[in-house]
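Everything on this sheet refers to the single structure shown next.
Just so you know, all these numbers are worked out from the coordinates, no wet-lab data involved. This structure is a prediction, so every number in the text was calculated from the model and none was measured. Here the Cβ is made from the backbone with ideal geometry for all residues, glycine too, and neighbour counts use every protein chain on show.
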Amino acid sequence: MPKKKSKSDAPPVAAMPYAGLTPECLLDAVESAGLHCDGRLAALNSFENRVYQVWLDSGESIVAKFYRPQRWSRAAIGEEHAFALELAKAELPVVAPLVFDGQTLHEHAGFLLALYPRQGGRTPEFEDEDTLRWLGRFIARIHAVGALDDFYERPEIGWEEFGEAPVRYVLEHNFVPDDLRVAYESTALDVLASVKSRWAAAGNFLPLRLHGDCHAGNILWTDPGGPHFVDLDDARMGPAVQDIWMWLEGERDARQQQLAAIIAGYREFFDFDPRELALIEPLRTLRMLHYAGWLARRWGDPAFPASFPFFNTQHYWQDHILALREQAAVLDEPPLELERHR
């Protein structure tokens with residue numbers, strides 16, 4: 001029988017990936033693009049990458065994003081930047097990287113980075129139907145541009161990477177306590193089977209280039225300007241509904257009404273395939289599985305135990321299993337509909 005792995009057997013590649021990103025290194029990296037910093041900087045909310053607001057001698061500030069080492073290839077980051085610039089050229093409110101000497105991606109001291117204009121704003125009011133229609137119109141315009149070409153270096157959203165892989169990782173690296181392992185594995189496999197069934201039922205929907213992680217924190221709202229979409233780091237190929245389902249909250253009737261408002265705005269600029277509604281709960285399920293796997297994979301980064309102390313505890317895995325069981329029941333319900341609230 002092979003030796004059982006312990007938690008310490010987890011791959012060390014994620015350990016302290018930003019140890020060399022000192023304030024001096026950070027400022028030197030920004031100045032390597034030809035800018036002049038005044039020495040002030042502030043860390044912004046980001047865990048996968050490191051993001052800072054950096055002040056310049058002019059008194060203005062920009063945002064510097066340092067990509068997590070070994071996560072994306074240069075080509076994949078290039079696709080993200082090209083998509084953002086394509087959207088900005090189409091006059092869409094996407095915060096695109098700044099271009100210096102024809103380049104958006106820079107390298108300094110082994111770190112890949114991009115610089116962005118600073119964009120303020122607040123969280124949209126998702127309970128307001130006018131706001132939802134407005135968001136629907138803009139995400140439809142983003143998808144209309146996204147449908148013009150494909151990503152070739154970035155993967156497509158699916159149940160393998162976002163479901164099977166994280167479940168396998170947490171099991172192989174013994175993050176789940178022994179007394180909960182069977183319950184977690186059986187529950188996760190059950191919901192994955194339902195996800196695959198729903199995915200097949202959706203049929204041959206058209207994958208397109210997406211924002212990919214269009215949650216409330218990645219939308220900055222200003223008055224009277226409306227939304228600005230930020231952080232295309234998770235841009236991928238996938239179904240259009242991936243950029244919509246995270247805006248739906250509350251009981252089923254409330255989500256039906258929210259969906260109707262979003263799609264009413266969406267269809268002003270782009271067609272929406274109603275078969276994709278069958279993917280809303282599968283995508284929510286995959287996000288739940290992926291989140292646990294993401295925390296596990298990043299546990300060697302000191303920022304994660306400090307910021308997510310609830311993870312990898314008995315209580316966390318008990319709650320996670322319960323949430324998956326509740327989600328299994330939701331997966332058995334019929335998908336949301338459009339016709340009822342037209």
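The distance from the alpha carbon centre of segment 271-342 to that of segment 184-207 is 13 Å, rounded to a whole number. Peptides 174-184, 104-114 ordered by packing proxy, namely the average of other Cβ atoms within 10 Å per residue, highest first: 104-114, 174-184.
Considering only THR285, PRO224, LEU148, the residue lying farthest towards the positive end of the dipole of the chain is THR285, judged by Cα position with unit charges set on Cβ.
Show me the ranking of peptides 84-94, 120-130 by mean Cβ neighbours inside 10 Å, starting with the highest. It would help to have the intermediate numbers written out before the result.
Working: 84-94: 17.0, 120-130: 13.0.
Put in order of decreasing packing, that is 84-94, 120-130.
Computed over the Cα atoms of segment 129-341, pair by distinct pair, the Kirkwood hydrodynamic radius stands at 18.3 angstrom.
Per residue of the chain, what 222 nm ellipticity follows from adding -39500 (n - 2.57) for every DSSP H run with n ≥ 4, rounded to the nearest 500? The partial results should precede the final answer.
Numbers: 9 runs with 131 residues, N = 342.
Result for the chain, helices only: -12500 deg cm²/dmol.
Note down the net charge around ASP149, summing +1 for each Lys or Arg and -1 for each Asp or Glu among other residues with Cβ under 11 Å from its Cβ.
Values: positive: ARG209; negative: GLU79, GLU86, ASP150.
Result for the neighbourhood of ASP149: -2.
Could you rank the peptides 246-255, 49-58 by their average count of other C-beta atoms within 10 Å per residue, with the highest value first? Intermediate values should be presented prior to the final figure.
Values: 246-255: 14.0, 49-58: 16.8.
Listed from highest to lowest mean packing, they are 49-58, 246-255.
For segment 152-270, the C-alpha radius of gyration divided by 2.2 N^0.38 Å, with N the number of residues, is 1.30.
Once you sort the root eigenvalues of the Cα gyration tensor of segment 18-117 as a ≥ b ≥ c, which label holds: rounded (a/c under 1.5), prolate (a/b larger than b/c) or oblate (the other case)? Write down the numbers at each step before the final one.
Numbers: a/c = 1.68, a/b = 1.22, b/c = 1.38.
Judged from the Cα gyration tensor, segment 18-117 comes out oblate (a/c at least 1.5, b/c at or above a/b).
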